Amino acid sequence: MKNIFFILFLAACSSSVDKSVQLPPNIFVVNTDVHLKNVNGCWWWKQKKFNGYVLEKNNTIVLAKLPVINGKENGVAYGWYMNGKKRYQRGYRNGNREGAHMEWYENEKIASLYFFHDDKFEGEQRTYYQSGHLWQSLNYIDGYEEGKQISKNDDGRVVNNFTIKNGKLYGVVGRFDCMSVSKN
């Protein structure tokens, strides 16, 4: 009975998977191939719109893998450091940046976390120091800064803290530590 329930559960869950996500064919072309060209944002290989994966390599080590369908970036692109550690993960749809874009330092701490919708920033965008401390938290709506914006130094002290509403800036833009000097 448990096995029947598990099979029904899997069938129900698999129907909720987005079937519009198409994977490119398993054709791999290195970005240095003379037949591969990017013309105005469209990938061409041997004079046809490319379908497959564009690879960046250093000798035999794959450093990046970009999925391309009908000449446009589609799907999740991955990048790695020479030592095999993850460098980035980026989403694309029809040539536009889409979804979460993450980058890591070689020490495996997150460097940035950006969100895109239709190739524009959307929501909170975060960048970090190599230490792992937050550097900036910027908010966007439809590609424009909107809401609370904050920058910190690596010790966590606020450097900038302001809000943008309808394109207008409110709050403290910068902070300077001043020290009084008195003559005795």
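The values are calculated or read from the model by the stated rules, or taken from the named source; none is laboratory data. Remember, it's a predicted structure, so these values are computed and weren't measured experimentally. A quick note on method: Cβ atoms are made from the backbone with ideal geometry, for glycine too, and the neighbour counts reach across all protein chains shown.
Among the residues making up segment 76-102, those that are closer than 15 Å to D119 by Cβ, in a strand (DSSP E or B) and in contact with a strand residue (DSSP E or B) (Cβ under 7 Å, 6 or more places away or on another chain) are A77, R90, G91, Y92, R97, E98, G99, A100, H101. On the given criteria, is L55 on the phi < 0 side of the Ramachandran plot, touching a Phe, Trp or Tyr at 6+ places or on another chain (Cβ under 7 Å) and either modelled with pLDDT of 95 or more or in a loop (DSSP other than H, G, I, E, B) (or both)? In short, yes. Which residue is surrounded by the fewest Cβ atoms within 10 Å (Cβ to Cβ), if the candidates are limited to segment 108-129 and must be within 12 Å of the chain's Cα centre (by Cα) and of a type in the set (K, R)? Residue satisfying both the conditions and the ranking: K120.
Just a yes or no: is a residue in segment 103-115 at negative phi, among the acidic types (D, E), at pLDDT below 95 and in contact with a Ser or Thr (Cβ under 8 Å, 6 or more places away or on another chain)? The answer is no; no qualifying residue exists.
Only one entry of E98, E56 meets the criterion of being more than 25 Å from F162 (Cα to Cα) and surrounded by fewer than 17 Cβ atoms within 10 Å (Cβ to Cβ), and that entry is E56.
Among the residues of segment 130-144, the one identified as farther than 17 Å from A100 by Cα and crowded, with 17+ Cβ neighbours inside 10 Å is W135. Of all residues in segment 150-169, exactly one satisfies the criterion of being surrounded by 15 or more Cβ atoms within 10 Å (Cβ to Cβ) and basic (K, R), namely K152. Filtering Y81, Y105, Y92, Y88 for residues that are more than 29 Å from Q149 (Cα to Cα) and either buried (at least 17 other Cβ atoms within 10 Å of the Cβ) or under 20 Å from the mean Cα position of the chain (by Cα) (or both) leaves a single hit, Y81. Only residues that are within 24 Å of E103 (Cβ to Cβ) and either part of a loop (DSSP other than H, G, I, E, B) or of a type in the set (S, T, Y) (or both) were counted in segment 31-52, giving 3.
Here G123 fits the description: modelled with pLDDT of 95 or more and either among the small types (G, A, S) or in contact with a strand residue (DSSP E or B) (Cβ under 6 Å, 6 or more places away or on another chain) (or both). For V68, the conditions (1) at pLDDT 95 or above; (2) part of a loop (DSSP other than H, G, I, E, B); (3) more than 30 Å from D155 (Cα to Cα) all hold with the exception of (2). Any residue that is touching a residue at least 40 places away in the same chain (Cβ under 8 Å) and surrounded by 11 or more Cβ atoms within 10 Å (Cβ to Cβ) - is there at least one of those in segment 39-52? Looking through segment 39-52, at least one residue is touching a residue at least 40 places away in the same chain (Cβ under 8 Å) and surrounded by 11 or more Cβ atoms within 10 Å (Cβ to Cβ).
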